[in-house]
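First up is the structure itself, then whatever we jot down about it.
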Amino acid sequence: MFTGLVQAVGPVVSIDRSDRGARLKVDTSLGGELREGDSIAVNGVCLTATEIGGDGFAAEAMTETLARSSLGDLEPGSGVNLELPLRASDRLGGHIVQGHVDGVGTVTGVQEDGFARRLEIESPDDVLRYVAQKGSISVDGVSLTVVGVNGRSFTVSLIPETLQRTNLGMAEAGTRVNLEVDVLAKYVERLMEAPRR
């Protein structure tokens, strides 16, 4: 489990693709806190560290992960948001993020708003149904508050800290981002659909 509070942005050193999936290597100072088999969120996708080196880690993404996320778009040099899992003693500063991406959205607009920056993100309908104004959403692993919902898109506002500490500061129209909705909304829907006994 994660909180959506990004701890570092690390460059992708390499990504080796095959019909069986992809293996990526990422440089990060967080590598010293990882052991083989540990989970780490990469742009909001929970991956397992399969190799630890002095300067980072390697992880594998299966075809299902590549189909449901934007990890397949990565190239060497791409900066990825990184977060280690939540410890039981940590503060829950963002919201509950599982690292299970619900869909991929596309940034359709970027607007400066005082010291903040607004991103409009077009979203698949099956994701947008769970997005609520003032609710939480994870965008590339960053816990954000939804400013508004309009038709096929939603808007988030990024403070300077988020712009500086995450790769969302580089987002522009056309950027594809991983989306994970609040898991509580999905459970509520499931409970409402379940037959009563």
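The values are calculated or read from the model by the stated rules, or taken from the named source; none is laboratory data. As the structure is a computational prediction, the values presented were derived from the model and not from experiment. Virtual Cβ from ideal backbone geometry, glycine too; neighbours counted across all protein chains shown. The accessibility values were calculated without ligands, DNA or RNA, using every heavy atom of the protein model including side chains. Shrake-Rupley method; radii C 1.70, N 1.55, O 1.52, S 1.80 Å.
List, please: which pairs have Cβ atoms under 8 Å, are six or more places apart or on different chains, and start with a residue in region 113-142 that is open to solvent by 80 Å² or more (accessible area, probe 1.4 Å) and end with one that is of a type outside the set (Val, Ile, Thr) and not in a strand (DSSP E or B)?
These pairs meet every condition: Phe115/Pro160; Asp125/Arg152; Asp126/Asp102.
Does Val6 meet the test of being under 13 Å from the mean Cα position of the chain (by Cα), open to solvent by 10 Å² or more (accessible area, probe 1.4 Å) and either touching a residue at least 12 places away in the same chain (Cβ under 8 Å) or within 23 Å of Val142 (Cβ to Cβ) (or both)?
yes
Yes/no per residue for (1) open to solvent by less than 50 Å² (accessible area, probe 1.4 Å); (2) closer than 26 Å to Leu144 by Cα:
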{"site": "Pro11", "(1), (2)": "no, yes"}
{"site": "Arg20", "(1), (2)": "no, no"}
{"site": "Leu82", "(1), (2)": "yes, yes"}
{"site": "Arg87", "(1), (2)": "no, yes"}
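Output the number of residues of region 22-47 satisfying the condition of being closer than 23 Å to Arg176 by Cβ and open to solvent by 60 Å² or more (accessible area, probe 1.4 Å).
The qualifying residues number 3.
Kindly indicate which of Glu75, Glu60, Glu64 is open to solvent by 50 Å² or more (accessible area, probe 1.4 Å), acidic (Asp, Glu) and free of Cβ contacts under 8 Å to residues at least 24 places away in the same chain.
The conditions single out Glu64.
Looking at region 95-112, which of its residues are small (Gly, Ala, Ser) and either open to solvent by 50 Å² or more (accessible area, probe 1.4 Å) or in contact with a Cys (Cβ under 7 Å, 6 or more places away or on another chain) (or both)?
Gly99
Quick one: count up the residues across region 116-135 that are in contact with a Leu (Cβ under 9 Å, 6 or more places away or on another chain) and more than 25 Å from Gly72 (Cα to Cα).
Count: 3.
Residues of region 143-160 being among the polar types (S, T, N, Q), open to solvent by less than 60 Å² (accessible area, probe 1.4 Å) and touching a Lys or Arg at 6+ places or on another chain (Cβ under 8 Å), which ones?
Listed by number, the residues that qualify are Thr155, Ser157.
State all residues of region 3-45 that are out of contact with any helix residue (DSSP H, G or I) (no Cβ under 9 Å at 6 or more places or on another chain) and in a strand (DSSP E or B); if no residue qualifies, say none.
Pro11, Val12, Val13, Ser14, Asp16, Ser18, Arg23, Lys25, Val26, Asp27, Ser39, Ala41
With the requirement that a residue be out of contact with any Leu (no Cβ under 6 Å at 6 or more places or on another chain), on the phi < 0 side of the Ramachandran plot and of a type outside the set (D, E, K, R), what does region 8-21 give you?
Val9, Pro11, Val13, Ser14, Ser18
When you scan region 161-175, how many residues do you find that are in contact with a Gly (Cβ under 9 Å, 6 or more places away or on another chain) and either surrounded by 12 or more Cβ atoms within 10 Å (Cβ to Cβ) or among the basic types (Lys, Arg) (or both)?
Result for region 161-175: 4.
Could you list all residues from region 129-167 that are under 21 Å from Thr65 (Cα atoms) and of a type in the set (A, V, I, L, M, F, W, C)?
Of everything in region 129-167, those that are under 21 Å from Thr65 (Cα atoms) and of a type in the set (A, V, I, L, M, F, W, C) turn out to be Ile137, Val139, Val142.
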